[in-house]
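Before any comments, here is the structure.
What follows draws every value from the coordinates through simple rules; no lab data is involved. Note that the structure is predicted; figures quoted are calculated from it, not measured. As a convention, Cβ positions derive from the backbone with ideal geometry for all residues, glycine included, and neighbour counts pool all protein chains shown.
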């Protein structure tokens, strides 16, 4: 969808993923598709940026491990915590970074070939993005 939007002239649209702190040790390679030969769910390398949420409750830019056990002091990170994120949430922000809405992609399948109750979800998401442009 990102490449489609870019080709259609929506060049200021940005999409990125934020991995939850609780998933820090999980294998993410098939999720971000950085090695298509090793993954069954992708055919080519994806172009979206992917960042890692870290625990920084005091806002000093440093990962907090005050008891020095090598583990975070909390079981989750700040972005997911402060935005109350659930796995597979798609959050929409306007140009100024203001929250608009969110959809959970588990229950709102964005596959453009989806049938049944998921028919049209891809277009709904795309049109929402365009309406924010």
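Taking region 1-55 on its own, what percent of its Cα-Cα pair distances exceed 17 Å? Each step should come with its number before you reach the end.
Details: 733 of 1485 pairs.
Considering region 1-55, 49 percent of its Cα-Cα pairs are separated by more than 17 Å.
How much of the DSSP bridge set in the chain is antiparallel, in percent, rounded to the nearest 5?
Approximately 60 percent, going by the DSSP bridge assignments.
Can you pull a Stokes-Einstein diffusion coefficient for the chain at 25 °C (0.890 mPa s), Rh from Kirkwood over Cα pairs, as a whole number of µm²/s?
145
Plugging the Kirkwood radius over Cα pairs into Stokes-Einstein for region 87-133, at a temperature of 20 °C and a viscosity of 1.002 mPa s, what D comes out in µm²/s?
Rounded, D is 190 µm²/s.
Just want the ordering: 66, 8, from fewest to most Cβ atoms lying within 10 Å of their own Cβ.
66, 8
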